[in-house]
Each structure stands twice: as C-alpha cells, then as structure tokens.
Amino acid sequence: MLRTALPAVTTDQLPGPKAQSLIDRRAQAVPSAIRCVYPVAIARGEGAMIEDLDGNRFLDWIGGVGVLNIGYSHPEIVPAVQAQAEQYFHGMFNIVTHEGYVALAEKLAQIVPVKGDSKKVFFANSGAEADENAVKIARAYTGRPNIITFSGAFHGRTLLTMTMTAKKGYTIGTGPLATGVYRAEFPYLYRKPAGMTEEEAVAYCLDSIYNVFEEGTPADQVAAIVLEPLQGEGGFIPAPIPWVKALRKICDDHGILLIADEVQSGFCRTGRMFASEYWKEAEAAPDILSTAKSIAAGLPLSAIVARSEIMERDNLADRALEIGKKVMDRFQSWKTTYPVIGDVRGLGAMIGLEFVKDQTSKEPNGDLVSALVQECAQRGLLIENAGRWGQVVRFLAPLVITDEQLEAGLDIMEDPLKACL
Ligand code: PLP
C-alpha cells in the first residue's frame with residue numbers, strides 16, 4: 001500500500017524511461033520559467049508518498065509547498081470530490097447560492113483567529129488572489145492607498161503580489177510594478193546586524209517602519225501592514241512575537257490594518273490551525289487573514305494558457321459559433337422589434353445585449369435589465385447584467401446547452417420584453 005510504503009527507486013536511473021519521456025514533452029509544451037528540478041513524473045500519490053510512472057516511490061517532504069497538509073488523495077477527500085462532481089461541478093456564487101460555500105465560510109468564521117467576534121469570509125482561487133483581495137479590502141475600508149510589506153516576503157506572482165514580494169527575480173522583464181507598496185525590515189534574527197541583541201534587532205526592524213512613515217508614506221496613508229507569520233519563500237523565518245506585538249500597536253496607533261498572510265502557514269502546519277493563534281494568545285491578533293493551499297488539499301486547479309492552438313474534445317469552439325449565430329439572429333430581430341434594445345454585439349457565444357431608454361438618446365436602462373434579470377430568474381432562466389450602469393445582459397451559457405434549451409431560454413427572455421412595445 002503506497003500510503004504506508006517506504007521510498008524505493010527501482011529504475012537504473014532517474015528519471016526512469018517513462019518519466020523522462022513526459023519530462024521531454026513538458027519541455028516542449030510548457031515554459032521553462034515554471035521551473036522543476038525533480039526527476040519525477042507522478043502516476044499516483046497517497047499520504048506523503050508518490051509513485052512515479054516507472055514504479056519508483058518517493059517520499060514527499062515538500063507537499064506542494066504547503067498545499068498537501070493532509071497528503072495526497074486523502075481517503076475522505078476523494079469520495080467527497082466525486083460526490084460533489086456528480087451533483088454539480090460548478091456553481092458561480094454570484095448566480096447560485098450553494099451550501100458548501102456557506103458552510104465553509106461559517107466554519108472558517110468560527111476558527112480563524114482574527115480580531116472581532118462577527119466575521120465574514122469570501123473565497124478566491126489562489127493565495128495570490130487572497131492576498132490581493134485582503135489588500136483591496138483594507139484599502140476600501142481605510143480609504144488609504146498604501147501598504148507596507150517586508151524584506152524576504154513572498155505573497156504571490158500576480159502584479160500586485162509580485163510587487164509585495166521582496167525577491168525581484170520573479171519580476172524581471174514584467175514591470176512596471178504596482179504603486180503604493182513600501183518595504184520595511186523583517187526581523188531575520190539569525191542574520192541580525194552584528195553586535196545587536198535580539199531585542200535590539202527587533203527594535204531596529206521596528207525603526208525601519210518609522211523610516212517608511214518618514215521617507216516613504218505618512219502613516220495616515222497606510223491601509224495595511226502585511227506579513228507572513230512565518231516567512232516561507234523568504235527562508236522559513238518566524239516573526240518574533242515581541243515584534244508582532246509591536247506591529248499590532250503601531251497599527252492600532254495609526255488606524256492601520258494588520259494582515260496575516262497564512263497561505264503557507266495555515267491549516268495546522270505550525271502546530272495550530274493558524275499561526276496567528278500564537279499572535280492572538282499574545283493579544284496581537286491580525287485584522288485580516290488570507291489563506292489558501294492546504295485549505296483544499298490541491299483544489300481548485302487553475303491554469304493559464306497562452307498562444308497555443310487548442311483542440312477541444314467536444315468541439316466546443318464550433319458549438320460556440322452555432323450557438324452564437326442563433327442567439328445573435330434572435331437578438332438582432334429583437335432590436336428591430338423592441339425600442340429598448342440599443343445594441344447587440346459579441347464574438348462567438350459571448351454576446352451582450354444593451355438596453356436603453358430609447359434608441360436615439362441611448363440613455364442606459366439598467367432598471368429594465370434589473371427587472372428582466374428577476375423576471376427571468378422566476379421563470380427558470382438565470383441571466384446577469386454587465387456594464388457601467390448595469391445596462392447590458394450578457395450571454396454566457398454553457399456551450400453544452402442543447403438547442404431545445406437555447407430556444408426555451410430565448411422564449412423566456414423575450415416574453416417580458418413584449419411589455420416594452
Ligand atoms: N503567500 C504565501 C505566503 C505563499 O507561500 C504563497 C505561495 O507559495 C502565496 C502567497 C501565493 O499563493 P498561490 O501560489 O496560491 O498564488
């Protein structure tokens with residue numbers, strides 16, 4: 001049983017022949033910037049063990065860099081994912097409320113050690129997205145533009161989180177970076193300035209924040225101070241609790257929010273469900289906590305594809321053209337019939353229908369769209385608005401929609417429009 005097996009390399013060399021062949025294909029198909037220095041092509045995983053394509057068994061001490069705190073293919077996760085996939089694979093939360101989302105939000109609100117009794121939670125896809133959203137929330141809440149991050153920090157690879165990240169190797173050739181990000185010293189006590197005690201080093205790092213207030217951004221323009229409770233990428237450096245307590249005080253004194261990036265440190269990794277529990281015990285709980293990775297044992301999976309021809313198994317691209325033509329024809333006919341429709345536009349099966357008060361003035365008619373959205377929902381058709389004034393209905397139906405479903409939807413949508421004649 002792999003779950004309890006010990007490491008065993010049985011091929012003459014690594015990578016074995018099958019792994020080598022896949023690694024060669026990878027080199028052709030995937031940018032080398034997504035670096036991999038391991039000779040492993042996974043066939044399956046259980047617990048902390050990987051079996052590769054050639055039958056070699058590896059013990060994984062990396063765990064997806066913090067993604068797999070509960071190991072590969074956990075026996076409770078696998079059937080849960082299967083069961084969910086059979087019920088429905090995706091439900092966009094802006095469109096349909098689903099229980100799993102709400103239940104997880106409730107659970108996290110109970111266990112996440114942020115300041116305050118009543119908590120709210122929302123979800124994104126990756127650690128970087130969580131961090132970006134934490135910053136956005138802090139900016140919106142405080143009405144301030146700037147943030148402070150630290151030497152050694154890693155917060156992700158999106159534009160903002162790359163800016164927040166200390167190591168600029170990640171950014172080469174991709175600038176300009178985001179504005180409003182200032183950096184202070186993280187107390188890397190092992191490498192503290194020569195001759196300083198730990199207390200003096202902590203004070204020195206705190207001073208660097210006051211330097212930022214003097215020379216970078218005034219404190220009253222700072223929305224948040226963001227830090228990892230234990231720097232991961234920066235070298236597994238724990239934030240000393242006295243320093244965190246002092247940060248908490250600086251934040252309280254200046255109306256700044258304290259954000260704990262627990263993307264890597266969350267979910268039991270540090271001996272608590274979240275490392276910030278240690279902060280809380282020291283009366284220095286953060287205001288906002290971002291987390292990811294082990295929250296879902298490897299789900300969700302995101303992917304970015306660029307400049308490649310894509311072969312789709314179900315010929316969905318062709319189907320999009322078919323659907324698009326049907327919808328476009330019908331919408332165009334509505335435009336000549338109903339004076340509240342100003343424009344019909346789109347590409348393939350991504351189509352917008354813009355509503356106006358009248359076609360001459362082009363005054364946006366978001367109210368009508370809102371009413372239409374509700375009316376259609378009541379009749380079993382879910383449509384959504386778009387546009388600056390909410391004046392556009394967007395068509396983004398799944399491309400597996402049948403012709404009958406498509407016609408039925410168009411009929412449902414047209415019915416309330418008849419009142420606009
Ligand atoms: N923040 C920390 C502390 C991380 O360790 C990471 C990833 O390693 C991120 C943010 C970015 O997470 P993701 O790769 O899911 O975007």
Exercise. Go through the stretch 28-39 residue by residue and tally those that are among the aliphatic types (A, V, I, L, M) and either open to solvent by less than 70 Å² (accessible area, probe 1.4 Å) or in the same structural domain as ARG157 (by TED's automatic domain parsing) (or both).
Key: 1
Practice problem: Quickly run through the stretch 260-271 and pick out the residues that are open to solvent by 40 Å² or more (accessible area, probe 1.4 Å) and either among the β-branched types (Val, Ile, Thr) or within 16 Å of the ligand (Cβ to nearest atom) (or both). | Solution: GLN264, CYS268, ARG269
Quiz item: Does the stretch 280-291 hold any residues that are in contact (Cβ under 8 Å) with a residue 40 or more places away in the chain, assigned to a loop (DSSP other than H, G, I, E, B) and over 19 Å from PRO145 (Cα atoms), and which are they?
Solution: ALA282, ALA284, ALA285, PRO286
Self-check item: Where a residue in the stretch 397-421 is farther than 17 Å from LYS325 by Cβ and its partner, wherever it lies, is at pLDDT 85 or above and small (Gly, Ala, Ser), with Cβ under 8 Å and at least six apart
Solution: PRO416/ALA371
Quiz item: open to solvent by less than 70 Å² (accessible area, probe 1.4 Å), modelled with pLDDT of 90 or more and out of contact with any Phe, Trp or Tyr (no Cβ under 8 Å at 6 or more places or on another chain), is that true of ARG330?
Solution: yes
Quiz item: Considering only helices (runs of 4 or more DSSP H) fully contained in the stretch 106-216, which possess at least 2 residues that are open to solvent by 40 Å² or more (accessible area, probe 1.4 Å)?
Solution: 127-142, 198-215
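Residue by residue, here is whether (1) part of a loop (DSSP other than H, G, I, E, B); (2) open to solvent by 70 Å² or more (accessible area, probe 1.4 Å); (3) within 10 Å of the ligand (Cβ to nearest atom) holds:
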site	(1), (2), (3)
GLY234	yes, no, yes
ARG248	no, no, no
LEU258	no, no, no
TYR278	no, yes, no
SER294	no, no, no
Quiz item: Does the stretch 79-93 include one or more residues that are touching a helix residue (DSSP H, G or I) at 6+ places or on another chain (Cβ under 9 Å), open to solvent by 50 Å² or more (accessible area, probe 1.4 Å) and over 24 Å from ALA27 (Cα atoms)?
Solution: yes
Exercise. State which residue pairs qualify: first residue without any contact (Cβ under 8 Å) to a residue 24 or more places away in the chain and inside the stretch 376-389, second residue assigned to a strand (DSSP E or B) in any location, beta carbons under 8 Å apart, and separation of 6 or more residues or different chains.
Key: ASN385/VAL392; ASN385/VAL393; ASN385/ARG394
Quiz item: What is the residue count in the stretch 68-80 for residues that are at pLDDT below 85 and either within 12 Å of the ligand (Cβ to nearest atom) or among the polar types (S, T, N, Q) (or both)?
Solution: 1
Quiz item: So which of GLY63, GLY45 ends up being open to solvent by less than 60 Å² (accessible area, probe 1.4 Å) and either over 30 Å from SER21 (Cα atoms) or at pLDDT below 90 (or both)?
Solution: GLY63
Quiz item: Assuming ASN365 fulfils every condition listed in (1) touching a Lys or Arg at 6+ places or on another chain (Cβ under 7 Å); (2) within 24 Å of GLY348 (Cα to Cα) apart from one, which condition is it?
Solution: (2)
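The values are calculated or read from the model by the stated rules, or taken from the named source; none is laboratory data. Only a predicted model underlies this, so the values are computations on that prediction, with no experimental measurement involved. Cβ atoms come from the backbone with ideal geometry, glycine included; neighbour counts cover every protein chain shown. Surface accessibility is based on the protein's heavy atoms, side chains included, excluding ligands, DNA and RNA. Shrake-Rupley method; radii C 1.70, N 1.55, O 1.52, S 1.80 Å.
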